[in-house]
Every structure is written in C-alpha cells, then in structure tokens.
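The values are calculated or read from the model by the stated rules, or taken from the named source; none is laboratory data. Predicted, not measured: the structure shown is a model, and the values here were computed from it. Glycine also receives a Cβ, built like all others from the backbone with ideal geometry; neighbour counts cover every protein chain displayed. Side chains are part of the model used for accessible areas, which takes the heavy atoms of the whole protein and leaves out ligands, DNA and RNA. Shrake-Rupley method; radii C 1.70, N 1.55, O 1.52, S 1.80 Å.
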2 protein chains.
Amino acid sequence: MGVVIPLEEKAQEPGIEGLLALVSPDMARVNQTILSRSASDVSMIPEVANHLISSGGKRLRPMLTLATAGLCGYSGAGHIKLAASVEFMHTATLLHDDVVDESDMRRGKLAARMLWGNEASVLVGDFLLGQAFKMMVEVGSLPCLEVLSSAAAVIAEGEVMQLSVAKDTQTSEDDYLAVIRAKTAALFGAASEVGPLLAERSKAEITACRGYGLNLGIAFQLIDDALDYGGTSSALGKNVGDDFREGKITLPVVLSFRRGTQKQREFWRRTLEKGEIAGDDLETAIATMHQHRALEDTIERARHYGAMARDALELFPASPWKFALNDVVDFCIDRAS
Amino acid sequence: MGVVIPLEEKAQEPGIEGLLALVSPDMARVNQTILSRSASDVSMIPEVANHLISSGGKRLRPMLTLATAGLCGYSGAGHIKLAASVEFMHTATLLHDDVVDESDMRRGKLAARMLWGNEASVLVGDFLLGQAFKMMVEVGSLPCLEVLSSAAAVIAEGEVMQLSVAKDTQTSEDDYLAVIRAKTAALFGAASEVGPLLAERSKAEITACRGYGLNLGIAFQLIDDALDYGGTSSALGKNVGDDFREGKITLPVVLSFRRGTQKQREFWRRTLEKGEIAGDDLETAIATMHQHRALEDTIERARHYGAMARDALELFPASPWKFALNDVVDFCIDRAS
C-alpha cells in the first residue's frame, strides 16, 4: 500500500477515510496501472500526463468503480483497468478543458498548456483517451464498453452545451442542470455503473449504482460551484473567483440573477457577459449572493441530489462498502460549509 | 445511391473509379450513418462536424474498410458502422490538428476553429471520437475494438512525436518515418484490418490487409508532402507552401537539408526553425528541392511503400476488389506527377 501518496493528504478529511481504507489495496494497483499506461517512448507524453496525474487529485471517480465493484462482491481483476480508464477519461477532459477555458492554473499548479503549449494538452489528452479505450477493450466487457463510450460522447456534448450557455446570464436552472448532468455527472454515473456490470448483478442493482453516481456527480459539481464563491464559510479558500473571472454561469449566478434587482442584473451582465471586471467586483458578487441566499440554496440543491444518491443505494443490504459510499455523499457536501 | 456527392467530383480521377463503383451502395449507408451520428440537440455539434465532413474529403479511409470487407467476402453489416467510425476518428484528428497547427484553412474552406473557435474544434473532435467508439462497441467485435482503440492511442502518440521533431531540421528520415507511420499510416492500417477481422479470415490474410493499409498510408503521406511543394509538376496546385509556412519538417526538407550546401542548410534553419520567411523564399525552397531531386526521391520512396502495399495483397486470388485496391495505390501516387 505504498504508492497512494496523493490520497494520504486527504485522509484527514471527514467522511472519506472508510472508503480510502477499503479501496486502498486496489487503489495501489490502479495507481500502478495509471503510471505504466501513461508511459511512452515519446517523452513529452508521460511528462505532461504525470504533471496533472500526480498533482494530488482525489481520484474520486476511480474509487467509485472500485467501491461499487466491492459493494457488488466482484472478485475479478477487471475493475482495476476500468478504474484507471475512468481516471484517464477525466484527466483527458481536464487537459482539453484548460485549452477551452484558456486556464493558467489547474489544482494550484501551472496548467499543462502553460508549460508545454495548447498543442501538447490537446494531443496528450487524445493519447490518454486512446489508452483508456485500449484498457477497457482489454477488460473485454461489452456492456462496460457501452457505458463508458456513451459517457465519453455525452461528456463532450455537455462541454459543447456549456459553450453555448457560456456568458449567458439568462441561463435557466434546468439548462444549467442539463450541462452538469452531461459534463460532470455522466462520468460519475458510468464509473459507478461498471462495478455492478462487471459483477453481473441485476438490472435493478446496476440502475441503483448508476443513479448513485449520477446524483453524487450533480451534488459534487454544485458544491464546487458554491466553493468557487467561498461556500458559506467566511474564510475564502483557494481558487475563489475563478468562475467569476472566466465569466462562467453556474447555479449561484443563475439564482442571484433571477432573484436580483434590475441594478444587480446589470452588474452580472457587465461582469460575466461583457467581462468588464473592476477592483472589488468579486466582493460585490459574493455579497449579492449572500443577500439572496444563492450559495446556501445551491448547497441545499446539492443536498437534494445527495439524498437521491443515498436512496439509490438503499436496496443494497448493509455492508462496509455501502456505509463508505454513503459517507462519500457527506464528504462531498460538507466541503462547502 | 444518391448521397455520395463529395465523391462524384473525384470520379473523373484515374485509378479510383473501380473502387468507387464497388463501394457505392455501402458508401451511401456509411454517409447516412455519418450524418445521423453527428446529429445532436446541441446545434453547434452538427454545425461544426458537417462543416468539415461535407467539405469534400475523399473518404478514402472508410472506403478501405468497405473494400477489405468486400475482398474478404464479409456479408454482415458491421463494416458500415466501422467505416463511419474510421471517418469520425479521422475528422476528430483534423479538428484537433487545426488547433495544434493554428491553421486558418482546411480543404479550401476556413478551418472550423476560425468560425467557431478553438474550443469548439477541441470539443466537437472529442464528441466525434466518443461517437466513433460508441459505434464500434455496437458492432461488438472485440478484435476490431482492439485494433481501432490501439490506433487511436498510436495516432495521438504520433502527433505528439511530430511536435517534438517540429522545426528541427536535423530530423532524420527514420525519425520522420516513425512520425507518419503513427500519425497517418496507423489509421489506414486499422481501417484495412477490420475488414478481414469482421469476416473472420486467417491470421495471414488479416496481416496482409493491415500491411496493405499501413504501406498505402505511408505512400499517401509522402505524396502529400511532395504535393505541398508542387510535386514534380511545374504547375503549382492549391495549398502549395502550407508546410513551408508552418515550419513543418517533411521528407522533401529532410532530403534537401542532408544533400544541401552549408549555405542551403542556413536557409532551411532560417525559414523553418526560426520562421523568418521573406518574399521569394518559397520559390527558393522549391528550386533547392529540384536541384537535389528531393521531390522526385520522395515520390520514389512513396513508390517503394506502394509496391509493398501491392505485394501484401498478393496472397488473395484475383477479384474486382483486389483489382480496385491495387488501383488505389496508383491513384495515391499518381497525384504527385
């Protein structure tokens, strides 16, 4: 259990230790697979890939594959490669997102595109996607291939959808939900569905795990959105204001715009649509959100999806795996308060 | 047989009519599949995809899948979706290449990234790649999935390799061959290999078709490289000088650099490595290539790979399919003279 360095720092956070302990032996194998499958004679590939892969992401998505496989009593080895595939799909998305968003930073480090250029981010992303599909094919489960390849298309569709709502303050809550359901929740859902699929469990159990992942993914993204404006805590964490500076329309904005005065709507149009951001506009944005309880209610909406995730798992009998998966829901939501 | 508009204009060119006639009914189904699988509720997706898909590419790669399936007597329907997948993989690569190369034009039209932005090119490319994998999974042949997913990873690897040799006039012929083998020939090889795989033919026949496609792909790329400097014809076609302006190192440059004088090597370093291109530098480049027979010998090298492609097919008995596939080799090479 030596290789899980990026996880240890997270071990102190409440709610996820149970899962970390349960998946730890499998996760070491996943990390090994990630390392060996991002190797290439073309040295730029492992350089770029490892820059991001070793930057301390939580690896929540591959953990969902391992945990749902555990929950369903799977005893084979296919979940290791599928978990690594899921992480590669996620990493590829991050690399491409950085190019799309023209981001300078990612996970507190310079974005890969700042160090190696847009071209490396695009192409190494493509390489990881190719490796992800190769690993899935090696596992050889057509149902799992179907779920994961569909997710790949849906994620890209969601990203394009996000482009078309970008900077549009008129975006409705439903439109926004459709975006995050596709661009974030689809991979959480797929990652959780391949566990019971590998274990050849019943349709109901497969649907349950997918529903768990999908709703957890929505909750996760909503909390991320709230955290980008500091959540409900008065102490601002890192990365606060990124979405604001990039003109991203997220649920806290959607709610604040709808609930706001004419003058406040003018403010959102100026800052997010036109990108004219002055000195203390971020502070004004956060104050306006607090005035309308937009952050509290974004977190409240997340709780709703968290409850759905939890209920989806209810048909499984009590087990350490089920207990740990439920704790993940709390872990995701508690980050914001 | 109504939908094959982009093909008709090519029907006059020598050497490919036989293939066009043979694949025509299947190609209509492939075109239909391409159209329906690039559809999406997110309207930007079909807009961007169709901009490129309907821009009159030859669709040579999907034709190889159809033709090798025909050669091997395949009687199922899987080759239609696999051919469409191959074209989607190719289209995704073109969309990503435009971002990587910062190209303004593609197939005589404005590149998609100029009309919809880099972000749309990256993400619609990802969407098409996702759809390609979905279709392959629907066909359900694990051996075909293995071949095509490996090709996806190798293509991306080749593109990154190209980045690392970019603007390096010291690139050797072997290095350059490794790049085009990966970034171009791998997809030709995979497109040709899935035909006999679907038809469950012998290992020798599968290897033969793969060898045909791979060597044809190398020949095709070398001819493209020669054409970018006008080939051996004195009349310059369209797109002449694109590679030169982008500082791309291709075989005509590799040969001219090695065979050149010290002063000529200085010229290549100034124009391609430093990108300092003045008034009649392109004419000088072409004249230098002619002086060293660099274009003639690039075409000669292409003939060598063309001969290998032809010989690979020799173990198949005579048939209209074999005849047509051999003609494709001539068609590809004759473009340059």
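May I ask you to report, in nm to one decimal and beginning with the shortest, the distances from A:Ser24 to the same position in the other copies, taking label points 7 Å along Cα-to-Cβ?
Reported distances to equivalent positions: 6.9 nm.
So which residue, out of B:Ala111, B:Ala153, B:Ala302, gets the largest mean-square fluctuation from a GNM of chain B using Cα contacts under 10 Å as springs?
In this elastic network of chain B, the residue with the biggest mean-square fluctuation among B:Ala111, B:Ala153, B:Ala302 is B:Ala153.
Per 20 Å bin, what is the whole-percent P(r) computed from every C-alpha pair distance within the protein assembly as shown?
18, 48, 28, 6, 0
Would you mind working out the magnitude of the charge dipole of chain B relative to its Cα centre, with +1 at each Lys and Arg C-beta and -1 at each Asp and Glu C-beta, to the nearest 20 Debye? All intermediate terms of the calculation are to be shown ahead of the outcome.
Details: 34 positive and 46 negative charges, 73 e Å.
Value, rounded to 20: 340 debye.
Between chains B and A, what is the buried accessible area in Å², counting both sides, with a 1.4 Å probe and ligands, DNA and RNA left out, to the nearest 100?
Numbers: alone 14340 and 14330 Å², together 25490 Å².
Interface between B and A: roughly 3200 Å².
Whole Å is fine, so just give me how far the alpha carbon centre of segment A:181-207 lies from that of segment A:250-328.
Value for the Cα centre distance between the two parts: 25 Å.
State, to one decimal in nm, how far the label point of B:Glu283 lies from the label point of B:Asp104, with both points 7 Å from Cα in the Cβ direction.
Between B:Glu283 and B:Asp104, the simple spin-label model gives 2.1 nm.
Taking only Cα atoms, what is the 0 to 90° angle, nearest 10, from helix B:294-312's long axis to the longest principal axis of chain B?
Relative to chain B, helix B:294-312 is tipped by roughly 20 degrees.
Pairs B:Lys58/B:Lys248; A:Lys248/B:Lys248; A:Lys58/A:Lys274; A:Lys248/B:Lys134; B:Lys58/B:Lys183; A:Lys58/B:Lys167: which exceed 27 Å Cα-Cα?
Details: B:Lys58/B:Lys248 24 Å; A:Lys248/B:Lys248 37 Å; A:Lys58/A:Lys274 34 Å; A:Lys248/B:Lys134 30 Å; B:Lys58/B:Lys183 18 Å; A:Lys58/B:Lys167 39 Å.
Checking Cα-Cα distances, A:Lys248/B:Lys248; A:Lys58/A:Lys274; A:Lys248/B:Lys134; A:Lys58/B:Lys167 exceed 27 Å.
Tally Lys and Arg at +1 and Asp and Glu at -1 over the other residues with C-beta under 9 Å from the C-beta of A:Ala120: what net charge comes out? Mind showing how you got there, number by number?
On the way: positive: A:Arg113; negative: A:Glu47, A:Glu119.
Around A:Ala120, the surrounding residues sum to -1.
For chain B, calculate the relative contact order in percent as a whole number, restricting contacts to Cα pairs under 8 Å that are 6 or more residues apart.
Values: 485 pairs, mean separation 65.9, N = 337.
Relative contact order of chain B: 20 percent.
Between B:Lys58 and B:Ser36, what is the spin-label point distance in nm, taking each point 7 Å from the Cα along the Cα→C-beta axis?
The answer from the label model is 2.9 nm.
May I ask you to rank B:Asp330, B:Asp97 by accessible area, largest first, using a 1.4 Å probe over the protein chains only? If you can, show how the numbers build up before the last one.
On the way: B:Asp330 55, B:Asp97 25 Å².
Solvent-accessible surface, decreasing: B:Asp330, B:Asp97.
Please find, in a Gaussian network model of chain A (springs between Cα atoms separated by less than 10 Å), the residue of A:Gly108, A:Gly125, A:Gly18 whose mean-square fluctuation is greatest.
Judging by the Gaussian network model, the answer is A:Gly108.
Give me the aspartates and glutamates in straight-line cross-link reach of B:Lys109: C-alpha distance below 16 Å, same-chain residues under 8 apart excluded.
The qualifying aspartates and glutamates are B:Glu47, B:Asp97, B:Asp98, B:Asp101, B:Asp242.
With springs only between Cα atoms under 10 Å apart, run a GNM on chain A and tell me which of A:Thr250, A:Thr232, A:Thr65 wobbles the most.
With Cα springs under 10 Å in chain A, the top fluctuation among A:Thr250, A:Thr232, A:Thr65 is at A:Thr232.
Which distance in Å, rounded to a whole number, links the C-alpha centroids of segment B:74-108 and segment A:56-133?
Between the Cα centres of segment B:74-108 and segment A:56-133 lies a distance of 24 Å.
Roll a 1.4 Å probe over the protein chains and send me the accessible area per residue for the protein assembly as shown in Å². Show your work: numbers first, answer last.
Numbers: 25490 Å² over 674 residues.
Using a 1.4 Å probe on heavy atoms only, each residue of the protein assembly as shown averages 38 Å².
Kindly express, to the nearest 10 degrees and within the range 0 to 90, the angle between helix B:78-101's C-alpha long axis and the longest C-alpha principal axis of chain B.
30
Hey, for B:Lys203 with labels 7 Å out along Cα-Cβ, what do the inter-copy distances come to in nm, ordered shortest first?
Here B:Lys203 shows inter-copy label distances of 4.2 nm.
If one takes the longest principal axis of the Cα atoms in chain A, at what angle in degrees, from 0 to 90 and to the nearest 10, does the Cα axis of helix A:281-291 lie?
80
In terms of Cα to Cα distance under 16 Å, which aspartates and glutamates are near enough to A:Lys322, apart from those fewer than 8 places away along the same chain?
Output for A:Lys322: A:Glu17, A:Glu193, A:Glu205, A:Asp311, A:Glu314, A:Asp330.
List, by residue number, every residue in segment B:112-138 with a reduction of 40 Å² or greater in accessible area between the chain on its own and the complete protein assembly, 1.4 Å probe.
When all protein chains are present, B:Glu119, B:Val122, B:Leu123, B:Asp126, B:Phe127, B:Phe133, B:Lys134, B:Val137 each give up 40 Å² or more of accessible surface.
Ignoring ligands, DNA and RNA, please state the percent of accessible area on chain B from carbon and sulfur, probe 1.4 Å.
Numbers: 6500 of 12750 Å².
About 51 percent, which is the carbon plus sulfur part of the accessible surface.
Sort largest first and round to whole Å: the equivalent ellipsoid semi-axes of chain A, each the square root of five times a Cα gyration tensor eigenvalue.
Numbers: eigenvalues 213, 112, 63 Å².
Working through the eigenvalues yields semi-axes of 33, 24, 18 Å.
Once the label point is placed 7 Å from Cα along Cβ, list for A:Asp174 the distances to the corresponding points in the other copies, in nm, shortest first.
Inter-copy label distances (nm, one decimal, shortest first): 6.4.
A:Asp327 to B:Thr207: FRET efficiency via 1/(1 + (r/R0)^6), r the Cβ-Cβ distance, R0 41 Å, to the nearest 0.05? List each step's numbers first, then the result.
Details: r = 52 Å, r/R0 = 1.28.
FRET efficiency, A:Asp327 to B:Thr207: 0.20.
Which values, in whole Å and largest first, are the semi-axes of the equivalent ellipsoid of segment A:1-140 obtained as the square root of 5 times each eigenvalue of the Cα gyration tensor? Spell out each step's value before the answer.
On the way: eigenvalues 133, 65, 29 Å².
One finds semi-axes of 26, 18, 12 Å for segment A:1-140.
Once amide H atoms are built 1.01 Å from N in the peptide plane, which residues 5 or more positions from B:Arg106, or in another chain, come under 5 Å H to H?
Correct list: B:Ala111.
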